[in-house]
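The values are calculated or read from the model by the stated rules, or taken from the named source; none is laboratory data. Model, not experiment: these values are computed from the prediction. Glycine also receives a Cβ, built like all others from the backbone with ideal geometry; neighbour counts cover every protein chain displayed.
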Amino acid sequence: MTIYLHPRRLMRHKATIFAALLALGLSACAPAVSPTGINDPFEKQNRATHALNLKLDTYILRPLANKATHILPEPVFIGASNVANNIGLPGVVANDLLQAKLGPAVHNTLRFALNTTIGLGGLFDPATKMGAAAKETDFGETLSVWGVSEGAYIELPAYGPSTQRDAVGTVVDLVFDPLQLFIPKDKRWIGTFAQIAARIGDRGRYSETVDSILYDSADGYAQARLLYLENRRHTLGQTTAESEFEDPYAQ
């Protein structure tokens, strides 16, 4: 049975959930403790999901990316990546504010304004040349700032490596996209198309690195897990070790 929610009711539900999440953040007293080691109690299920993701990459994403990047010039994918990143900036600003980081919030707001206007809707990236380079964040990091622990490692279908905390963050970032409130429904396909094109371009650009991890490693699952956790913890400032791993399912 399908349950239909009127848009106004849906917005009220979103507002209620958002208020609850905000209250949770305000009630947290300290950032999450820096994790160590690998916590993977769901390894059996994760490996099954990894096998599925590997098939998706083998039969769909990798051949599509290799063919597309050979046919289309690189600027096409750079433009798509620019548009996708620009569309996501209002969500980044929202997370900056939830983390009480006013400087980055102003910085990313300026970046969005410059790329949306001078950059023709984000197709180009003049903000970086003008000193407003990207400062990424997401709701997974917001949860970390609020004191939520990393949780167990999990691999998500199609999205790839994650943790329990970051999986929740991914869902929230998808659902609570501030820009969607202002984009007409018949124009929202542009953002989705840009994100897909950006992912295809990234898969082609980092083909050698991703292939070496997924196909050339003795245990591709363990290698991807280790490199993801190292990279994520470094991004959150929880370790000084930096990984060069590029997530093949990153948007």
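Just checking, which of 150, 155 is in a loop (DSSP other than H, G, I, E, B), surrounded by 14 or more Cβ atoms within 10 Å (Cβ to Cβ), in contact (Cβ under 8 Å) with a residue 12 or more places away in the chain and of a type in the set (Asp, Glu)?
Working: 155 fails: in a loop (DSSP other than H, G, I, E, B).
Just a single option satisfies the conditions, and that option is 150.
Within region 153-198, which residues are over 19 Å from residue 56 (Cβ atoms) and of a type in the set (Asp, Glu)?
166, 173, 177, 186, listed by residue number.
Which members of region 134-146 meet the condition of being modelled with pLDDT under 95 and small (Gly, Ala, Ser)?
Listed by number, the list holds a single entry, 134.
So which residues in region 105-141 are among the small types (Gly, Ala, Ser) and closer than 26 Å to residue 165 by Cα?
105, 134, 140
Being crowded, with 16+ Cβ neighbours inside 10 Å, modelled with pLDDT under 95 and part of a loop (DSSP other than H, G, I, E, B) is the filter here; which residues of region 64-121 pass it?
88
Among the residues of region 137-157, write down those that are of a type in the set (Gly, Ala, Ser) and touching a Leu at 6+ places or on another chain (Cβ under 6 Å). I'd like the intermediate steps shown before the answer.
Let us first name the residues in region 137-157 that are of a type in the set (Gly, Ala, Ser), namely 140, 144, 147, 149, 151-152.
Within region 137-157, just 144 meets the criteria.
With 168, 172 as the choices, which residue is free of Cβ contacts under 8 Å to residues at least 40 places away in the same chain, among the β-branched types (Val, Ile, Thr) and out of contact with any Lys or Arg (no Cβ under 9 Å at 6 or more places or on another chain)?
168
Being assigned to a loop (DSSP other than H, G, I, E, B), over 16 Å from residue 235 (Cα atoms) and either modelled with pLDDT under 50 or not β-branched (Val, Ile, Thr) (or both) is the filter here; which residues of region 22-41 pass it?
Within region 22-41, 28, 29, 30, 37, 39, 40, 41 meet the criteria.
Limited to region 212-242, what total is found for residues that are in a loop (DSSP other than H, G, I, E, B) and under 24 Å from residue 55 (Cβ atoms)?
Final tally of qualifying residues: 5.
State all residues of region 111-127 that are in contact (Cβ under 8 Å) with a residue 12 or more places away in the chain and not charged (D, E, K, R); if no residue qualifies, say none.
112, 114, 115, 116, 119, 121, 122, 123, 124, 126, 127
Would you check if there is a residue in region 163-179 being buried (at least 17 other Cβ atoms within 10 Å of the Cβ), hydroxyl-bearing (Ser, Thr, Tyr) and in a loop (DSSP other than H, G, I, E, B)?
Among the residues of region 163-179, not one is buried (at least 17 other Cβ atoms within 10 Å of the Cβ), hydroxyl-bearing (Ser, Thr, Tyr) and in a loop (DSSP other than H, G, I, E, B), which makes the answer no.
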